[in-house]
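One structure coming up, written as structure tokens, with questions to follow.
The values are calculated or read from the model by the stated rules, or taken from the named source; none is laboratory data. Owing to the predicted nature of the structure, the values given are computational and were not obtained by experimental measurement. Methodologically, a virtual Cβ is constructed for each residue, glycine included, from the backbone with ideal geometry; neighbour enumeration extends over all protein chains shown. Ligands, DNA and RNA are excluded from the accessible area calculation, which covers all protein heavy atoms including side chains. Shrake-Rupley method; radii C 1.70, N 1.55, O 1.52, S 1.80 Å.
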Amino acid sequence: MKKNKWSLLLAALLLVSTFLTACGGGSDKSSGKGSKDSEQVLRLMNADQIPTMDSSLATDTFAFQFLGESMEGLYRLGKDGKIEDGIATEHKVSADGLTWTFKLREDAKWSNGDPVTAHDFVYAWRRAVDPATGSEYGPYMMGGVIKNATAVNKGEVPVEQLGVRAEDDYTLVVELENPTPYFESLTTFGTYLPLNQKFVEAQGDKYATSTETLLFNGPFTLEKWTSTSNKWELVKNKNYWDKDSVKLDKITFVVVKDPQAGVDLYDKGQVDRAGLSSDLVDMYSSNDDFITIPQANVFYLKLNQVRNGEKTPLANVNIRKAIMMAVDKEAGVNEILNNGSIAANGLIPKDFVKVPGKDKDFRAASGDLAVYNKEEAKKYWEQGLKELGVTSVSLEFLGDDGENAKVFNEYVANQLKTNLPGLEITIKNVPFEQRLDLDTAEDYDIQFSGWGPDYLDPYTFLSLWVTDGPNNHMGYSNPEYDKLLQDAQTTLANDQDKRYEAMLQAEKILLEDAAIAPIYQRSLALLSSPKVHNIIANQVGADYEWKWAYIK
């Protein structure tokens, strides 16, 4: 997202999204909660506003979540991560793995009645990498994958040379830069959604700023929304080709940042799901409606080495190593989060992917690369201060302003100040969208951030930190790291054993450099009405799938 993602994104995927809904069920002995049996209306909370609904500009978990429900690409994710038909009904891959030909259904329509065609994909994908668009995710998701995507984004060749074309209205041909085993999974992601060129261009700068300036081709339409809305709805799309599979008539959303306020709404029967902070977990863990959902989202500290054109103290590797080792992560997940999250001692999450040929989880194969050790942290800190010629350092800590986020930010900052004598931390909690803007501008020192995988491959995490990458935004650069990742996508693309060895080595380099400081792998704790069924929690891309959900 992200999400993150779903993502994406994590989009993109961030701490405030703890209070997004998730799947689950169980018996409900506390009668009266949830929607009425006769209604197919799901009532949910969102942790913040949706920053954008422009699929070319989306970078965060919220945008990709609602794009995923109101739009549809070539394929979409179903139960257990199975790829389900979307606008595509089938595809063929050439023997060399470089040409993918998709046959599109002829009954898919936009919400204004226009047919969804191969030309809509060509336009959208070109727009995503066109430098004039200013997309972050276009070059990130398509660069090195679709032929000429990077060259187009750099302005070296015209957008017409991007490796995608409409052979006819319902045949899409895609040429890849290199064989990409996970390309089918990529096509489920928000950046690869189609766009109706005539409509987008008619809206101009107003496109995707409100319900009235959007078109939809997915299970739901987004209603009563603007970019500043604190309430909105997803309504069943009557023009959707598979509308018979959509049981919900409507999903309502309200922005709630305070977990106690969310639980109060749940107890009053005004919402069907409520995320729980650690103190609320203690109160509700024995409730029949209590569930936990493990996720592949990893949260970490971004350590910005260059701010406003000048090196920060974090440009010193020993200062970074000290910070990476100075946070008691076990205490953080057990005492502060208390929701089933686990300490992260690496970037790639546990139980995400297995190393080919070894039948071993990537995390287990790579081992613990970023462990808590306050004694070692202090040694690195003292060495770093000596190299900088100072006795103290002042740093700004950027984080989200949700209640649960603020509590955890305070915990991490306190750990750093306590275990690293001479470190002064100023916490700056801001709304989600503002934090994204500050990240893009590299206007921070330490940032609490996170990532949800966009597709089922370690590259979705590791590619974040390539030199000058669109998600790097912290001045990190290591030529050896870059070379390993380049090889993983090119010369080693058809040799999965060597490809994974390269990615294992890259993760070790990243954490030997202490480029980031992994903190935890997220799990969600929440109250869920047993009347809600069949919401799918995705491991990659958008966090959740509501297409097949229903109330009973």
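Need a quick list: helices (runs of 4 or more DSSP H) entirely within segment 392-508 having at least 2 residues that are touching a helix residue (DSSP H, G or I) at 6+ places or on another chain (Cβ under 6 Å).
Ranges flagged: 403-419, 479-489.
Please go through segment 353-388 and give me each residue that is assigned to a loop (DSSP other than H, G, I, E, B), open to solvent by 70 Å² or more (accessible area, probe 1.4 Å) and closer than 21 Å to Ile519 by Cβ, ordered by number.
Scanning segment 353-388 gives Asp368, Tyr372.
Please go through segment 82-100 and pick out each residue that is within 27 Å of Lys547 (Cα to Cα) and either out of contact with any strand residue (DSSP E or B) (no Cβ under 9 Å at 6 or more places or on another chain) or among the basic types (Lys, Arg) (or both).
Those that are within 27 Å of Lys547 (Cα to Cα) and either out of contact with any strand residue (DSSP E or B) (no Cβ under 9 Å at 6 or more places or on another chain) or among the basic types (Lys, Arg) (or both): Lys82, Lys92.
Hey, could you check segment 506-552 for residues that are aromatic (Phe, Trp, Tyr) and under 27 Å from Ile83 (Cβ atoms) and say which is surrounded by the most Cβ atoms within 10 Å (Cβ to Cβ)?
Trp546
If you scan segment 161-203, which residues turn out to be assigned to a strand (DSSP E or B) and surrounded by 15 or more Cβ atoms within 10 Å (Cβ to Cβ)?
Residues satisfying the conditions are Val164, Arg165, Ala166, Leu172, Val173, Val174, Glu175, Leu176.
Go over the candidates Glu175, Glu167, Glu160 one by one and state the one that is in contact with a Lys or Arg (Cβ under 7 Å, 6 or more places away or on another chain), at pLDDT 95 or above and farther than 20 Å from Pro470 by Cα.
Glu175
Moving to a separate point now. Report whether or not Lys350 is basic (Lys, Arg), farther than 27 Å from Leu276 by Cα, open to solvent by 60 Å² or more (accessible area, probe 1.4 Å) and at pLDDT 95 or above.
For Lys350, the condition - basic (Lys, Arg), farther than 27 Å from Leu276 by Cα, open to solvent by 60 Å² or more (accessible area, probe 1.4 Å) and at pLDDT 95 or above - is not met.
Could you list, in sequence order, all residues of segment 109-135 that are part of a loop (DSSP other than H, G, I, E, B) and open to solvent by less than 20 Å² (accessible area, probe 1.4 Å)?
Passing the criteria: Trp110, Val116, Thr117, Ser135.
Conditions tested, residue by residue: (1) within 30 Å of Ser229 (Cβ to Cβ); (2) buried (at least 23 other Cβ atoms within 10 Å of the Cβ).
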residue: Thr426; (1), (2): no, no
residue: Pro431; (1), (2): yes, no
residue: Tyr444; (1), (2): yes, yes
residue: Trp451; (1), (2): yes, yes
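Please identify the pairs in which a residue from segment 236-257 that is surrounded by 15 or more Cβ atoms within 10 Å (Cβ to Cβ) has its Cβ atom under 7 Å from the Cβ atom of a residue that is of a type in the set (Gly, Ala, Ser) and outside any loop (DSSP other than H, G, I, E, B), counting only partners at least 6 apart or on another chain.
Val256/Gly262
Another one. Before we move on, is Thr228 open to solvent by less than 40 Å² (accessible area, probe 1.4 Å), in a loop (DSSP other than H, G, I, E, B) and at pLDDT below 95?
no
Sort out which residues of segment 389-412 are surrounded by 16 or more Cβ atoms within 10 Å (Cβ to Cβ) and within 14 Å of Leu314 (Cα to Cα), and write them in order of number.
Passing the criteria: Val393, Leu395, Glu396, Phe397.
Report, by residue number, each residue of segment 501-532 that is of a type outside the set (S, T, N, Q) and modelled with pLDDT under 95.
Within segment 501-532, Arg522, Leu524, Ala525, Leu526 meet the criteria.
On to the next question. Is there any pair with a first residue in segment 212-223 that is within 14 Å of Lys250 (Cα to Cα) and among the β-branched types (Val, Ile, Thr) and a second that is at pLDDT 95 or above and part of a loop (DSSP other than H, G, I, E, B) whose Cβ atoms are under 6 Å apart and which are 6 or more apart or on different chains, and what are they?
Thr221/Ser111; Thr221/Asn237
Ok, one more. For the list (1) touching a strand residue (DSSP E or B) at 6+ places or on another chain (Cβ under 6 Å); (2) over 25 Å from Arg105 (Cα atoms); (3) open to solvent by less than 40 Å² (accessible area, probe 1.4 Å), I need the number of the one condition that Ala296 fails.
Among (1) touching a strand residue (DSSP E or B) at 6+ places or on another chain (Cβ under 6 Å); (2) over 25 Å from Arg105 (Cα atoms); (3) open to solvent by less than 40 Å² (accessible area, probe 1.4 Å), Ala296 violates only (1).
Taking the criterion of being over 16 Å from the mean Cα position of the chain (by Cα), among the polar types (S, T, N, Q), open to solvent by less than 30 Å² (accessible area, probe 1.4 Å) and modelled with pLDDT under 95, would at least one residue in segment 30-42 satisfy it?
Scanning segment 30-42 turns up at least one residue that is over 16 Å from the mean Cα position of the chain (by Cα), among the polar types (S, T, N, Q), open to solvent by less than 30 Å² (accessible area, probe 1.4 Å) and modelled with pLDDT under 95.
Name every residue in segment 122-137 that is farther than 19 Å from Thr59 by Cα and either out of contact with any Lys or Arg (no Cβ under 7 Å at 6 or more places or on another chain) or acidic (Asp, Glu) (or both), in order of residue number.
The one that is farther than 19 Å from Thr59 by Cα and either out of contact with any Lys or Arg (no Cβ under 7 Å at 6 or more places or on another chain) or acidic (Asp, Glu) (or both): Tyr123.
I would also like to ask the following. Please return the ranges of strands (runs of 3 or more DSSP E) entirely within segment 248-331 where 3 or more residues are more than 21 Å from the chain's Cα centre (by Cα).
Result: 250-255.
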